[in-house]
């Protein structure tokens with residue numbers, strides 16, 4: 001993340017880039033990241049739009065900062081906390097929870113943002129370290145990351161679609177998430193439960209891959 005620009009004193013105190021991001025997060029939680037505007041953030045801070053622009057050059061840059069900030073609280077599990085698959089599941093579920101706290105994040109944020117942001121890069125490094133601990137070589141770790149990334153983005157995108165449909169058609173809210181979650185059970189799953197069950201299937205494939213590699217080496 002770029003360094004904060006010179007703070008400016010306003011009727012609500014001193015603002016800097018950190019204050020702008022925090023205000024943008026508050027607004028985004030109310031209206032959705034895809035509906036966030038610089039004017040809304042300026043009003044939240046009690047400053048002019050020009051004052052906000054002194055710290056963030058444009059809306060697109062602000063969205064990228066806010067999208068990355070969503071993962072600031074996500075921790076990479078310590079190697080001593082459990083086996084690799086448990087740590088990878090914990091990391092992915094925590095990241096999914098964080099990214100679903102603000103609606104419209106997948107709509108508004110360029111996919112590249114989720115990989116190039118300061119906090120996002122930290123999580124990517126954490127994922128790659130976990131895959132290395134599991135025993136994946138460099139090539140397989142890269143492929144495993146691509147599969148995990150595709151699943152993560154797909155689940156977030158599905159979540160965004162459902163949130164938007166619920167907003168537009170509240171009369172059908174109970175029927176919209178998830179379509180397959182209740183199959184054979186009669187009880188709908190929450191978005192987190194749906195994500196976690198699907199990720200467990202993905203982990204089954206990664207475990208099987210490791211087992212086949214071990215047999216080949218043996």
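Readers should treat all values here as calculations from the given coordinates under stated rules, not as data from a laboratory. Everything quoted here is computed from the prediction, not taken from an experiment. Ideal geometry is used to build each Cβ from the backbone, glycine not excepted, and the neighbour counts take in all protein chains shown.
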Practice task
Could I have the simple spin-label model distance between residue 151 and residue 118, label points 7 Å from Cα toward Cβ, reported in nm to one decimal?
Solution key: 3.0
Handout entry: Theoretical gain in end-to-end length, residue 16 to residue 140 [0.36 nm per residue, Cα-Cα removed]
Key = 40.3 nm
Handout entry: Potential extension, residue 214-residue 93 segment - 0.36 nm per residue separation minus Cα distance
Key = 40.8 nm
Exercise for the section: Could you list 84, 149 in order of exposure, starting from the residue whose Cβ has the fewest other Cβ atoms within 10 Å? Expected result: 149, 84
Exercise for the section: Fewest Cβ neighbours within 10 Å first, please rank 157, 120 accordingly. Expected result: 157, 120
Practice task
Based on other C-beta atoms within 10 Å, arrange 15, 201 from fewest to most.
Solution key: 201, 15
